[in-house]
1. How many percent of the alpha carbon pairs in the chain exceed a separation of 25 Å?
2. Give the Kirkwood hydrodynamic radius (Å, one decimal) of the stretch 72-153, defined as one over the mean of 1/r across all pairs of different Cα atoms.
3. Please give the peptides 263-269, 143-149, 220-226 ranked by average Cβ packing (other Cβ atoms within 10 Å per residue), highest first, as a rough proxy for protection.
4. Quick query: amide H of Thr217 versus all other amide H atoms, modeled in the peptide plane; which residues come in under 5 Å with a sequence gap of 5 or more or a different chain?
5. Mean-square fluctuation check for the chain, GNM, Cα pairs under 10 Å: which of Glu153, Glu73, Glu229 is largest?
6. Once the dipole of the stretch 127-253 is set up with Lys and Arg at +1 and Asp and Glu at -1 on Cβ about the Cα centre, which of Asn199, Leu144, Pro223 lies farthest towards its positive end?
7. Using the Cβ atoms and a cut-off under 9 Å, what net charge is assigned to the surroundings of Ser71, where Lys and Arg are +1 and Asp and Glu are -1?
8. Thr217 label point, 7 Å along Cα→Cβ, cut-off 17 Å on backbone N: hits in the stretch 229-262?
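Rule-based calculations on the coordinates, nothing more; no lab input. Quantities reported herein were computed from a predicted structural model and do not represent experimental measurements. FYI the Cβ positions are ideal-geometry reconstructions off the backbone, even for glycines, and counts take in every protein chain you see.
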Amino acid sequence: MRRLKDLNQEELCRIMGYAIELRNNGLSYTEISKAIAKNKNVKISKATVIRWCKEMHNPFNKIKRLNLSASPELAYIIGVYFGDASLSKRSNSIYRIRLKVVDKEFAEAFRDALIGIGLNPKLGFENDKNRSSRWYVEANSKSLYMFLNQPKEELFEVAKEYPREFLRGFFDSEGSVIWYEPRKSLVISAFNYDFDILNFCKELLQDFGIRSKIYLTKKRGMPIVIRGEQYYYNNNLYELRILRRKSVLKFYKEIKFTIFRKHQKLESALKLLGLIE
């Protein structure tokens with residue numbers, strides 16, 4: 001049986017409404033508590049039911065209500081979440097989403113998207129002696145944490161509503177521009193360990209007329225050296241590539257990178273190829 005802290009924003013709202021409805025129908029507080037346990041599989045104390053029904057306590061005073069309906073901002077957040085962003089839950093019940101990146105404009109775009117759904121994120125800069133210094137964005141939200149922890153297929157449905165923003169978020173995170181001038185070779189590439197995510201991106205790109213292919217680049221168990229230490233891949237690593245010049249040009253026009261250095265590299269290569277002025 002679940003507890004109130006296990007519920008997401010929408011579930012908690014429904015349980016609260018159900019309790020008030022039962023009270024309006026004449027049930028006692030004890031009967032309401034038992035009905036919720038039986039019909040909703042949620043454990044709730046009689047005292048909590050009393051506070052709700054007498055409007056002495058609103059659980060959303062502790063849980064900031066967000067706009068988690070499909071929107072360009074939420075689609076961008078999902079794209080970044082499938083890439084560089086991370087979720088964490090601390091022992092003191094702090095639910096956090098965090099992004100740590102080199103490019104300030106990327107951090108600012110993610111911050112703005114979080115603000116757009118109702119959060120108050122923090123933007124800062126961290127100096128790191130062992131790695132390149134990075135910008136970070138973080139926000140605390142149980143509602144967003146639980147929303148993003150849904151099966152990825154549920155998140156795909158939001159992304160389908162705003163595919164351009166989702167793809168921009170994902171490629172801001174995972175994408176790179178590969179330009180080899182001697183051979184006039186220009187490729188947009190994105191790596192991920194989850195084949196389903198890349199395949200979903202491939203389908204969305206196709207809707208924009210952008211053709212791409214997915215390759216298995218590293219097999220599970222293959223060695224890799226990081227800062228002089230040898231490790232092994234825990235999972236297969238896949239790469240999505242946009243190879244055709246026509247498709248690369250469409251990506252430049254339709255999707256675009258938020259990150260200036262990626263956008264500039266792509267734009268410069270397209271100019272050298274004579275595809276744009």
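1. On the way: 21833 of 38226 pairs.
Tail of P(r) above 25 Å: 57 percent of Cα pairs.
2. Details: mean 1/r = 0.0766 Å⁻¹.
The Cα-based Kirkwood calculation yields 13.1 Å.
3. Numbers: 263-269: 17.3, 143-149: 20.4, 220-226: 9.7.
Top of the packing list down: 143-149, 263-269, 220-226.
4. For Thr217, whose amide H was placed from the backbone, the distant partners under 5 Å are Leu237, Tyr238, Glu239.
5. Glu229
6. Pro223
7. It works out to a net charge of -3.
8. The answer is 232-244, 262.
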